[in-house]
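No value in this document is a laboratory result; all are computed from the given coordinates. Keep in mind the model is a prediction, meaning the values are calculated, not measured. Here the Cβ is made from the backbone with ideal geometry for all residues, glycine too, and neighbour counts use every protein chain on show.
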């Protein structure tokens, strides 16, 4: 008799990273239960209605809903649901990140699920203002930024500041919870800024739902995106690392050993625009100008991604050039269904 394939719960299954994780899990033979809400739940349920290995369930608020039924029969939880910066009020961004994480962890513990993988961000190694990456500092597993709710709710704060603050506080709360409950086997995946094509088995995203690829679409609209640390990673590599993390044994004596930084390389917005000018010359009239592009405010730091190489097999990454080009090609194809191109 063939044993039942493990069932993995993926929160926020329609998200950019999550959709690739779901795809990777299915390719490896796992069964998947994904959460979604509102119109996304309806669309995913319709898309995958005939797939016995992928179930979509509705969760309206990951921060407060009862997740007991979602946890039934689950082998491991991959918590990928997270609010994107600029899409909600700061208080809701903080609640969604922090309380959403804690709600998932508490329900997992109650359901007897020990393996939890949390999709975090490389930004949790920085300060919310993102000055640390330009200070020449070194980033490794133990490098953590500091943030406070009071500071993040200051009306003068930019959306990216609020988002990074929320992710810092959510991840710290998760690790504190894991220390208090050693029966939990927590892993965090901390990717750099991620680009890449959209997952093909999922419904195409709307123009307003491009996730981090939106920065590239800004460039196609003639707008230079805000300055960010110049470290990138392909979304498919994030998914590959996440699926691989399911098979890594617990490390109770070195809890944060399973905090994995993912970086494929570095590029500035000027580098990216120049790449598109060279490789996609037909877009020349659409690309933003790099004249007056801000300089990096300080020396770029260094980083250690050896734990991901050793534990997750991440010895090679998709080059950032490939990520950018395939992301742009993916959006140009989607654009055909959006109608005339307009700015944001």
#### Entry: Net lengthening on full extension, residue 156/residue 284 (0.36 nm per residue, minus Cα-Cα)
42.5 nm
### Query
Going by alpha carbons, how many degrees (0 to 90, nearest 10) lie between the helix axis of 269-279 and the longest principal axis of the chain?
80
### Query
Which label belongs to the value computed from this structure, given these candidates for mean projected area of the Cα convex hull in nm²: [x] 22.0; [y] 17.9; [z] 24.4?
[y]
### Query
Under a GNM of the chain (C-alpha, springs under 10 Å), which listed residue has the highest mean-square fluctuation: 308, 170, 88?
88
### Query
residue 149 to residue 50: extension gain in nm, 0.36 nm per residue of separation minus the Cα-Cα distance?
31.3 nm
### Query
How large is the helix-only mean residue ellipticity at 222 nm for the chain, computed as the sum of -39500 (n - 2.57) over DSSP H runs with n ≥ 4, divided by its residue count, in deg cm²/dmol to the nearest 500?
-11000 deg cm²/dmol
### Query
With r defined as the distance between the Cβ atoms of residue 274 and residue 302 and R0 fixed at 25 Å, what FRET efficiency is calculated, to the nearest 0.05?
0.55
### Message
Given points 7 Å out from each Cα along the Cα-Cβ axis, report the residue 102 to residue 201 separation in nanometres with one decimal.
### Response
3.5
### Query
Among 215, 206, 111, whose mean-square fluctuation peaks in a Gaussian network model of the chain (Cα, cutoff 10 Å)?
206
#### Entry: Cα-only Debye scattering, the range 166-236: base-10 log of I(q)/I(0) at q = 0.19, 0.25 Å⁻¹
-0.93, -1.15
### Task
Compute the acute angle (0 to 90°) between the alpha-carbon long axis of helix 16-27 and the principal axis of greatest extent of the alpha-carbon atoms of the chain; round to the nearest 10°.
50
### Task
Could you state the angle between the C-alpha long axis of helix 320-335 and the longest principal axis of the C-alpha atoms of the chain, as a value from 0 to 90 degrees rounded to the nearest 10?
90
### Summary
A correct fewest-to-most ranking of 195, 48 by other Cβ atoms within 10 Å would be 48, 195
### Task
Provide the FRET efficiency to the nearest 0.05 for the residue 5-residue 72 pair, computing r from the beta carbons and using R0 = 22 Å.
0.85
## Note on the structure
Check: C-alpha center the range 179-254 vs C-alpha center the range 18-47, spacing in Å is 16
#### Entry: Tail weight of P(r) past 25 Å, computed on alpha-carbon pairs of the range 201-344, percent
39
### Query
Residues of the range 24-64 with amide nitrogen under 20 Å from the 7 Å Cα-to-Cβ point of residue 91?
61-64
### Task
Could you estimate the translational diffusion coefficient of the range 119-178 from the Stokes-Einstein equation, with Rh from the Kirkwood formula over C-alpha pairs, at 4 °C and 1.567 mPa s, in whole µm²/s?
110
### Message
How far apart, in nanometres, would the label points at residue 131 and residue 172 be if each is projected 7 angstrom from Cα along the Cα-to-Cβ direction?
### Response
1.7
### Query
If you line up the Cα atoms of the range 5-88 on their principal axes, what length do they span on each, largest first, in Å?
37, 24, 20
